[in-house]
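What follows is one structure encoded as structure tokens, with my remarks underneath.
The values are calculated or read from the model by the stated rules, or taken from the named source; none is laboratory data. These numbers were taken from a predicted model, which means no experiment stands behind them. Cβ: placed from backbone, ideal geometry, glycine included. Neighbour counts: every protein chain shown. SASA here: full protein model, heavy atoms, side chains in, ligands and nucleic acids out. Shrake-Rupley method; radii C 1.70, N 1.55, O 1.52, S 1.80 Å.
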Amino acid sequence: MAPMLAFSLRRLAALLVTLAVATAVVFTVMEVLPGDPAQVMLGTEARPDTLAALRAKLGLDRPAPERYLAWVGGLVQGDLGQSYTYGSPVRELVAERILVSLPLALAALAIVLDTAPAGA
């Protein structure tokens, strides 16, 4: 196997492991944080049946491993979920903000590259 191909495969494997660990850490942190997301969304005076319905809608009534696999499966397919704050898909929100952020990032990169000392 060519050295460059082997290097690329090792880097790809390292990327996949890093992504797997990062998703597991994020999910675990969200899982162990105190509080009930449904309770936070509906308020402390929400009726138990309303809370149960929202938990079912959000999938919070399913076991954690099942929710994790569904979450990762969605990420792999490009489904970033639904923003309950804005009421729209997260993918659309990210796309809107990239239109502003990407040109700013490219301009900053051009400035940095232009002002970098030669040989650095």
Task: Single condition Thr18 does not satisfy, out of (1) surrounded by 11 or more Cβ atoms within 10 Å (Cβ to Cβ); (2) without any contact (Cβ under 8 Å) to a residue 40 or more places away in the chain; (3) of a type in the set (S, T, N, Q) - done: (1)
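Within the range 61-97, count every residue that is assigned to a helix (DSSP H, G or I) and either out of contact with any strand residue (DSSP E or B) (no Cβ under 8 Å at 6 or more places or on another chain) or under 18 Å from Leu19 (Cβ atoms) (or both). First the steps, then the outcome.
Restricting attention to the range 61-97, the residues satisfying the condition of being assigned to a helix (DSSP H, G or I) are 64-76, 90-97.
Filter once more, keeping what is either out of contact with any strand residue (DSSP E or B) (no Cβ under 8 Å at 6 or more places or on another chain) or under 18 Å from Leu19 (Cβ atoms) (or both): 64-76, 90-92, 94-97.
So the answer is 20.
Any residue at all in the range 47-56 that is in a helix (DSSP H, G or I), within 20 Å of the chain's Cα centre (by Cα) and hydroxyl-bearing (Ser, Thr, Tyr)? Working first, answer last.
Looking only at the range 47-56, we keep the residues that are in a helix (DSSP H, G or I), and these are 48-56.
Of the ones still in play, those that are also within 20 Å of the chain's Cα centre (by Cα) are none.
Scanning the range 47-56, I find no residue that is in a helix (DSSP H, G or I), within 20 Å of the chain's Cα centre (by Cα) and hydroxyl-bearing (Ser, Thr, Tyr), so the answer is no.
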Task: Matching residues in the range 61-71 - criterion: being in contact with a helix residue (DSSP H, G or I) (Cβ under 6 Å, 6 or more places away or on another chain) and surrounded by 15 or more Cβ atoms within 10 Å (Cβ to Cβ) - done: Tyr68
Open item on the list: Return the residues of the range 83-101 that are more than 13 Å from the chain's Cα centre (by Cα), open to solvent by 60 Å² or more (accessible area, probe 1.4 Å) and of a type in the set (A, V, I, L, M); say none if nothing qualifies.
Closed with: Ile98, Leu99, Val100
Open item on the list: What are the pairs with Cβ atoms under 8 angstrom where one residue, in the range 61-87, is β-branched (Val, Ile, Thr) and the other, located anywhere, is in a helix (DSSP H, G or I)? Sequence gap at least six, or different chains.
Closed with: Val72/Thr23
